[in-house]
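Every number in this text was worked out from the coordinates using simple rules, so none of it is lab data. In this text the structure is predicted, and so the values were computed from the model without any measurement. Here Cβ is always computed from backbone atoms with ideal geometry, including for glycine, and neighbour counts include all displayed protein chains.
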Amino acid sequence: MKVDVSTVSRPELRGLSEAAGAMFLVGTLAGVSGVIGDYPVYGGQAMRYLLAAVVLLAVARMAGLRFVRLTPGETALLAALSLTGLVIFNVCVIEATRHGGPALVGTVLGTVPLALALLGGRPSPRLLSAAAVVVTGATVATGLGSGEAAGLLWSLGALGCEICFSLLAIPLLPKLGAVRVSAYSASLAVPLLVVAGLLADGTAMIRVPTAPEIAGLGYQSLVVTAVAFFLWYDALPRLGPGTAGLFAGLIPVGAIATGAVLGLGAPSPPDLLGAALVVAGIVLGLRAGAPAAGADSPPAKAPRPAGAG
């Protein structure tokens, strides 16, 4: 099975590589989560997004991207994106892991490609089939897991927030661009997480991190947040949510690869089979061809972000 790259435009090729890189990097989060497992969750996430916001705002300034004044509706949309896609998502994942384990969470999040394909427009039957193959591969790689009903409900909440992370950003990207959407959403997440941390842990929400915790939080901030957010938000308008969503299946693949590199365990046969199914599903989706007008494909020429250059 082969994709004819000669028929793919340069913006689409860039979008494909960015979507793949973003979701793979998100998958590496599992490899470093053990390093910061003892650090207060909400305080650690607040520090993560604070550092990421500082980096992204500095990048925007160096790129000459001036501050853009938002309408009340756009401000509400950005706040909803930050609240659901960043803050509540983390809460749901934390609680789902406590009640059902990481395997259950990973399996439910493996349905993101299918959900985005269904919600992203009028997907072709082949794109839906590809999304189903990706979901199957992610499920095999992650394992069905076990847990109580509360774990499943929290996992479903995380799935909804992951979908909001993409769909709520799409109306904002033409005006703000990927850097500012990433920077603004990360900035808004900080005070929200601080409030949640004070309510949950009080003053114990933050302490001086150890050297390994500094490395883990720094990796989350710079790689999983700043870099991955930009890559994902830059890819979305180039590909559309249905096609870009296929690459969410690379999350467990990134986790498997990171575990092997860090010596946390060699991948098992189900891991390798799941990874192969994910890749096969992505290739099948890319072979689906351009969807019908108004379907999953992005407009031929996206509006130029304000202040770009």
Using only alpha carbon positions, build the gyration tensor of the stretch 147-198, then give the equivalent ellipsoid semi-axes as the square roots of 5 times its eigenvalues, largest first, whole angstrom.
26, 17, 6
Put one equal scatterer on each alpha carbon of the stretch 9-286, apply the Debye formula with no solvent term, and list log10 I(q)/I(0) at q = 0.07, 0.14, 0.16 1/Å to two decimals.
-0.23, -1.00, -1.33
Quick one: the Cα spread of the stretch 182-239 along its three principal axes, in angstroms, biggest first?
44, 26, 13
Within a 10 angstrom radius of the beta carbon, how do Cys164, Cys92 rank from fewest other beta carbons to most?
Cys164, Cys92
Rounded to the nearest 0.05, FRET efficiency between Val223 and Ser17 (Cβ-Cβ, R0 22 Å) equals 0.85
Take the Cβ-Cβ distance between Phe67 and Ser268 as r, set R0 to 51 Å, and report the resulting FRET efficiency rounded to the nearest 0.05.
0.55
Quick check: residue separation of Val54 and Ala276 times 0.36 nm, minus the Cα distance between them. What number comes out in nm?
76.2 nm
